[in-house]
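Scroll down for the structure; my scribbles are underneath it.
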């Protein structure tokens, strides 16, 4: 039950019904009902008078006095008081507490509201090497968002887009071939790969598997290095006209791609991330989808052959080759008409497709397959791609019957960089340079739960420092340990209540929440009351860090309550000895523990983190 949202909605309805105030729903949007500052003797507080004062032409305190009776008439409010500079403090009624506790003890999920078909694409790392810690952030963010959206009742498809075309794939094939030759030529064993090839040693295993499958079959071809000339034999006609690689590299490229994708799938599975589908860029191009789109866009009048203004660097007098290339006509999509900063090239004069063109086709393919809403989780280096892609989708729908078809909703979540820290110092990472901590090694070192939860402890648009010592610490400094320990504590209390006091969980239905009067108990109750709303806001705003923050707030409230019992025996959840006079209060406290346990379990599961029953 989202008690807080229900209370707020009823309060706003009553405000709008006051004809003397003459307020509109839009003016009431900023009204919040939230936890009060620490050490405030109430359960919740609202800023209604503060945000409406200017509109009503009143000072906040007098307006708060006017609004107070509306809260006093709310069945969820026991008492309300006005506090400077204009807050209204709220004490929840017994009815509110009882309904809240009943909802916490219920195993039913909230009913879905306006379900949508959502395609969420995340990770989508080029299959040129293993995933590293930077990819892990996008993987965790995307998977957690999908969990949150599914809990809201939406139909969610998790998808990985395989960028298996372009120069980086040619470089991958060349790099594999060089490692393959290394296995047969001892003189190459200690040599570093030629400049321009991927130097990471992860391709050594791929080369061994290639040798196991094909023997010395590929030795007849000279090592092409990074920029070798083409094999000019007649059978080179098999390659695409814009591909400058030797024709025989194609099967090596396919082999390397498949091996890298197998590694990526394995690592994602170890991280607890699942996908409903993998879509290949190469397959989309081979199927003719790109050519059809280019023809359609020209017919719609939003794509044309022309030139683009030269960037500053290209306009320099000494940069004649760049100027000459810019004078050539390319197929251009007029995205500037639809909100982009400039128009974009879809296809060069030589017929080479840009990544932008194939990515646009992929997004349209998602819509063709039934998605009504698209979400992309990008890394920091792709943040500029969002605006041009949103503009391109609008361009694709220009000139169509708006009653039948409208531009898709595309939301983009950008994940900033992750800095790996050890002993207080940053560890340098470079996938191209071969010096990076891959995801598999990180998982082996600190475990799935630590990786997943720590990736959610910062907003996605802020850099994140991943500290290895923090991830391994068994203390309150480690957020995931702190949250898991809170859940394990709840399980321990419930287990002791059953084994030593004979109190089964079915007895909690008779608990009386009005007996929970201690400040720590009420604080925990209010954290639980706000949790479902946090799940909704995290899903709607595409901000999964809100969930991690709420879990830690809930864990802190649980631990604080526990510590109060250590200081004051009368506030212990379970009495040291059986005492029938404390049985109703004990039952109420145990019901609160069970509500906290279920809520923590829900939150941790949505994060993809284990909710342990005991800590070892």
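The values are calculated or read from the model by the stated rules, or taken from the named source; none is laboratory data. Here the structure is a predicted model, which is why all the values come from computation and not from measurement. Neighbour counts run over all protein chains shown; Cβ positions are idealised from the backbone, glycine included.
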Qualifying positions in region 551-574 - under 19 Å from residue 610 (Cβ atoms) and surrounded by 21 or more Cβ atoms within 10 Å (Cβ to Cβ): 551, 554, 555, 558
Check every one of the strands (runs of 3 or more DSSP E) wholly within region 286-376 and list those with 1 or more residues that are at pLDDT below 95 and closer than 20 Å to residue 412 by Cα. 344-347
Any chance residue 450 is in contact with a helix residue (DSSP H, G or I) (Cβ under 8 Å, 6 or more places away or on another chain), over 14 Å from residue 421 (Cβ atoms) and buried (at least 22 other Cβ atoms within 10 Å of the Cβ): no
Collect the residues in region 37-55 that are without any contact (Cβ under 8 Å) to a residue 40 or more places away in the chain and touching a helix residue (DSSP H, G or I) at 6+ places or on another chain (Cβ under 6 Å), keeping them in residue-number order. 49, 50, 53, 55
Closer than 30 Å to residue 591 by Cα, under 35 Å from the mean Cα position of the chain (by Cα) and surrounded by 23 or more Cβ atoms within 10 Å (Cβ to Cβ) - does that describe any residue in region 102-114? yes
Residue 72 passes all but one of the listed conditions (1) buried (at least 23 other Cβ atoms within 10 Å of the Cβ); (2) farther than 30 Å from residue 445 by Cβ; the exception is number (1)
A careful count of residues in region 361-384 that are without any contact (Cβ under 8 Å) to a residue 24 or more places away in the chain and closer than 19 Å to residue 335 by Cβ gives 1
Pairs please, first residue from region 10-36 and loosely packed, with under 13 Cβ neighbours inside 10 Å, second anywhere and at pLDDT 95 or above and in a loop (DSSP other than H, G, I, E, B), Cβ atoms under 8 Å, 6+ apart in sequence or on different chains. 30/47
Scan region 20-38 and give yes if some residue there is out of contact with any strand residue (DSSP E or B) (no Cβ under 7 Å at 6 or more places or on another chain) and farther than 19 Å from residue 63 by Cβ, otherwise no. yes
Residue 595: modelled with pLDDT of 90 or more, assigned to a helix (DSSP H, G or I) and under 34 Å from the mean Cα position of the chain (by Cα), yes or no? yes
Quick check on residue 144: is it buried (at least 21 other Cβ atoms within 10 Å of the Cβ), at pLDDT 95 or above and within 26 Å of the chain's Cα centre (by Cα)? yes
Looking at region 423-439, is at least one residue under 22 Å from the mean Cα position of the chain (by Cα), not in a loop (DSSP other than H, G, I, E, B) and not assigned by TED's automatic domain parsing to the domain that holds residue 45? yes
The condition from (1) crowded, with 19+ Cβ neighbours inside 10 Å; (2) without any contact (Cβ under 8 Å) to a residue 40 or more places away in the chain that residue 502 misses is numbered (1)
Residue 7 - would you say it is closer than 19 Å to residue 534 by Cβ and buried (at least 20 other Cβ atoms within 10 Å of the Cβ)? yes
Residue within region 291-311 that is within 21 Å of residue 169 (Cα to Cα), surrounded by 14 or more Cβ atoms within 10 Å (Cβ to Cβ) and either in contact with a strand residue (DSSP E or B) (Cβ under 8 Å, 6 or more places away or on another chain) or not assigned by TED's automatic domain parsing to the domain that holds residue 205 (or both) present: no
Do you know which of the residues in region 462-499 that are in a loop (DSSP other than H, G, I, E, B) and within 22 Å of the chain's Cα centre (by Cα) is surrounded by the most Cβ atoms within 10 Å (Cβ to Cβ)? 478
Just one of the numbered conditions (1) at pLDDT below 90; (2) in contact with a helix residue (DSSP H, G or I) (Cβ under 9 Å, 6 or more places away or on another chain); (3) surrounded by fewer than 15 Cβ atoms within 10 Å (Cβ to Cβ) is not true of residue 426; which one? (2)
Take the residues in region 38-69 that are within 28 Å of residue 511 (Cβ to Cβ) and surrounded by fewer than 14 Cβ atoms within 10 Å (Cβ to Cβ), then tell me which one is modelled with the lowest pLDDT. 38
Looking only at region 396-417, how many residues end up being in contact with a helix residue (DSSP H, G or I) (Cβ under 6 Å, 6 or more places away or on another chain), at pLDDT below 65 and within 18 Å of residue 369 (Cα to Cα)? 2
